[in-house]
Amino acid sequence: MVRLDFQNVLSFQVNQIRLEGELFIPSHSEFLAVLILEEKEDKFSERFSKMRTLLNEKGIATLLLKGLLTQDEREIHANRSDTALLSYRLSEITKRIKLIEGAEFLKISYIGLSSVAARMFRAAANSNSEVESLILIGNGLQEYDGNFPETSILNILGELDFTGKIINRSILSKIGTLIKRVYFVPGSPNHFEDNSKWSLVSEAIQRWYSFPQKRTEEFSEFL
């Protein structure tokens, strides 16, 4: 049977609340990238939407999550900084992805800004989540004490983000992973304001998925 492209807006029931995600599975996908936005509306919403389109065009499935809180929950600052709550919800959504027809055999990864990495780290550490890789964009990593023996990490930084290089290297050096690599966007500061620089971010991520057996060669810089 030939599997056709599948697109849908999914609703996830986690305890007493309901969250939504935009799912697209191209035919013959091998990977599913969960794109995780912060709980506030900002400029990265449009950028992540563009990235999702590029990945879909390259045959990579995506689930776009516009935050992990309800609209009412976002009004409370403590919720937006509750890493335990947010990582739990991400982990639960990840488990439910495996129950979706057409997604049960896909290799799951997370993509997000480094500023939301803490929830990604903790969700990936859940042995039931089966997260293949973490892609962290920009600086702002939070300290994390843990290891991911079966998970790879790619950190994308601006070539001119000298402070980010120092801080992120220090934090990631303490985490044990299967593969740990960094990609520097040429001539860019920390937030990739130029659209052409953001395109380089998306292209690097696409290569990460397209040639998984060559990750150590494609991304030679290590942390």
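Numerical summary
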| read-out | value |
| --- | --- |
| Excluding exposed DSSP-loop trypsin sites (Lys or Arg not before Pro) (at most 12 other C-beta within 10 Å), longest clean stretch of the chain | 44-173 |
| Per-residue HN-Hα couplings for segment 167-181 [Karplus 6.51, -1.76, 1.60; θ = phi - 60°; Hz; x = Gly/Pro] | 5, 5, 4, 4, 5, 6, 5, 8, 9, x, 9, 5, 9, 9, 9 |
| Beta bridge orientation in the chain: antiparallel %, DSSP, nearest 5 | 30 |
| Charge dipole of the chain about the Cα centre (unit charges at C-beta), most positive-ward option of P186, L172, I156 | L172 |
| Shape call, segment 121-221: gyration tensor on alpha carbons, a/c limit 1.5 | oblate |
| Helix-only [θ]222 nm of the chain, DSSP H runs n ≥ 4, -39500 (n - 2.57) each, per residue, nearest 500 | -10000 deg cm²/dmol |
| Segment 32-83, dipole about Cα centre (Lys/Arg Cβ +1, Asp/Glu Cβ -1), debye to the nearest 20 | 360 |
| GluC sites (Glu not before Pro) restricted to segment 45-90 and DSSP loop, no more than 15 other C-beta within 10 Å | E75 |
| Three-way shape call for segment 183-223 based on the alpha-carbon gyration tensor, with the a/c threshold at 1.5 | oblate |
| 11 Å cut-off, amide nitrogen to a point 7 angstrom out along I100 Cα→Cβ, residues in segment 34-54 | 34-35 |
| Listed residues I36, I175, I76, most fluctuating in the chain (Gaussian network, C-alpha, under 10 Å) | I76 |
| Links that overshoot a 18 Å alpha carbon limit, given the list K43/K66; K180/K214; K43/K197; K40/K174 | K40/K174 |
| Accessible area of segment 6-218 belonging to carbon and sulfur atoms, whole % at 1.4 Å probe | 48 |
| The chain: radius of gyration and largest Cα-Cα distance (Dmax), Å | 16.4, 52 |
| Dipole-positive endmost among I17, L37, L68 within segment 9-87 (Cβ charges, Cα centre) | L37 |
| Whole-Hz couplings from phi, Karplus 6.51/-1.76/1.60, listed for segment 92-106; x for Gly and Pro | 5, 5, 4, 5, 6, 4, 5, 8, 7, 4, x, 10, 5, 10, 6 |
| Under 5 Å, built H, 5+ apart or other chain: amide partners of F31 | A61, K107 |
| For the chain, with +1 on Lys and Arg beta carbons and -1 on Asp and Glu, the positive-most of S115, F105, G138 along the dipole | F105 |
| Debye, to nearest 20: dipole size of segment 6-218, +1 on Lys, Arg Cβ, -1 on Asp, Glu Cβ | 340 |
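The values are calculated or read from the model by the stated rules, or taken from the named source; none is laboratory data. The structure presented is a predicted model; accordingly, all values stated were derived computationally and were not measured. With ideal geometry, Cβ positions are generated from the backbone for all residues, glycine too; neighbour counts draw on all protein chains shown. These area figures cover heavy atoms from the full protein model, side chains too; ligands, DNA and RNA do not enter into them. Shrake-Rupley method; radii C 1.70, N 1.55, O 1.52, S 1.80 Å.
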